[in-house]
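The values are calculated or read from the model by the stated rules, or taken from the named source; none is laboratory data. Bear in mind that the values here come from a model prediction, so they are computed numbers and not experimental data. Positions of Cβ are backbone-derived with ideal geometry, glycine not excepted, and every protein chain shown enters the neighbour counts.
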Amino acid sequence: MKLLGTLDRYVVRQWMVTFLLSALGIPAVAVLIRMSEDYGRLVGRGVPPRDALLGTVLLYPGQMAMLFPAAVLFATVFTLNAMGRHSELTAVKAGGVSFYRLIAPMLVLALVAVPTNYALQEVAAVSGARQRVLHKEKLDPDDLIRFNFAFLDEGGRTWAIKELQRGRGYLGNLLVEGPADSAGVRWTITADSARWDSVGGRWALYRGAVHRLGDSARGPESIAFRTLEAPALDQPPGEMLNTFSNATEMRAGELRDYLDRLKRTGVRPGQLAVDLPLKYAVPMACLVVALFGAPLAVTNPRAGAAMGLAIALGTTLVYLTGTQIMKAIGGKELIPVDVAAWSMNGVFLVLAIVLLVRVRS
């Protein structure tokens, strides 16, 4: 049987129709329902009608990302279920084509869906954060100001800051203390203010001094400055002010950086630690559920569409429920976070292998 022959094109066409209807249509319906429910409440709360509508539309990528594995499962199950009802599976096997060869195009499409789903998650993180700003569920990050705080950056430097205005890229009255070197010498910088240089990716400090401490032979030294640009002071203002409330508003890199900052400050991340590997585990579920759903869909070839729907919905419900349970367990550090994130993929992959071995090919 040649690659992308008549049967492959037929399977791909049937699979894509169901997949697109599920991946695009169901999220669109969910967004329309959300819009009809929330529009009056949002406008009554002072949200401009344009922002209310635009914010609701920005929920669409998040809905798509969440339902992407389910769309792959629906497409796989309904394609094989329909072929079984119309005796096409029997005809295919009579023609010498094995079940594994038949589902190969579906598995390739499911594999392509993995990076696509990951990219959708990244887009959904940005659009979801913007949606909350438009609906006045959170302040615009550029309008946030933070007072009297300290943090430890990746270079081991301690920052003590009196005022941060993220939108202006401004720091007021700051102190930066670096770690001691092998000789016990420590450098400390004080400044009245600082401005963030977005082009150079560093802070420009104004009206301050550099202090050299810890050398008993030479004693402390101080050098005053009017302006100082230190390449090492490259901590962006956004990383000094957490504007996120949950993992769905952070891209994978942002979540990883945020967890690193929590670790440096000694804060336990809880379920956020599980959310990072989940950003990779959930897209991989596209392939896992396709492997699981394909043999399950042909257990009773004459079953109606209701059976296919029951299989798809039941699998989706079990996967999502199991993921949330394992996420809670992992967040309490009862099991490693990677185990918690990938456990449901592991369970369904084992079941898929068992079903694939037992299927009549």
Next item on the list: Out of the residues in region 134-143 that are at pLDDT below 85 and part of a helix (DSSP H, G or I), state the one that is surrounded by the fewest Cβ atoms within 10 Å (Cβ to Cβ).
Entry: 143
Notebook entry, point to check: Looking at 11, 31, 77, 92, which one is free of Cβ contacts under 8 Å to residues at least 40 places away in the same chain and among the β-branched types (Val, Ile, Thr)?
Noted result: 31
Item checked: Residues of region 264-277 classified as assigned to a helix (DSSP H, G or I) and surrounded by fewer than 22 Cβ atoms within 10 Å (Cβ to Cβ), total -> 4
Next item on the list: Considering each residue of region 107-121, count those that are surrounded by fewer than 18 Cβ atoms within 10 Å (Cβ to Cβ) and more than 23 Å from residue 352 (Cβ to Cβ), and give that number.
Entry: 1
Notebook entry, point to check: Does residue 146 satisfy being surrounded by 15 or more Cβ atoms within 10 Å (Cβ to Cβ), modelled with pLDDT under 90, over 17 Å from residue 285 (Cα atoms) and of a type in the set (D, E, K, R)?
Noted result: yes
Next item on the list: Within region 11-46, track down each residue that is aromatic (Phe, Trp, Tyr) and either at pLDDT 90 or above or not in a helix (DSSP H, G or I) (or both).
Entry: 15, 19
Check: How many residues does region 256-297 hold that are over 21 Å from residue 320 (Cα atoms) and not aromatic (Phe, Trp, Tyr)?
Finding: 13
Check: Which condition number in (1) surrounded by 16 or more Cβ atoms within 10 Å (Cβ to Cβ); (2) closer than 30 Å to residue 38 by Cβ is the one that residue 99 fails?
Finding: (2)
Margin query: Out of the helices (runs of 4 or more DSSP H) lying entirely within region 47-124, which hold 1 or more residues that are of a type in the set (Asp, Glu) and either touching a strand residue (DSSP E or B) at 6+ places or on another chain (Cβ under 6 Å) or farther than 18 Å from residue 291 by Cα (or both)?
Written below: 49-57, 88-94
Check: Taking region 168-191 as the search range and keeping residues that are of a type in the set (D, E, K, R) and surrounded by 13 or more Cβ atoms within 10 Å (Cβ to Cβ), which one is nearest to the chain's Cα centre (by Cα)?
Finding: 177
Check: For region 181-216, how many residues meet the condition of being out of contact with any Asp or Glu (no Cβ under 6 Å at 6 or more places or on another chain) and either farther than 18 Å from residue 235 by Cβ or assigned to a loop (DSSP other than H, G, I, E, B) (or both)?
Finding: 15
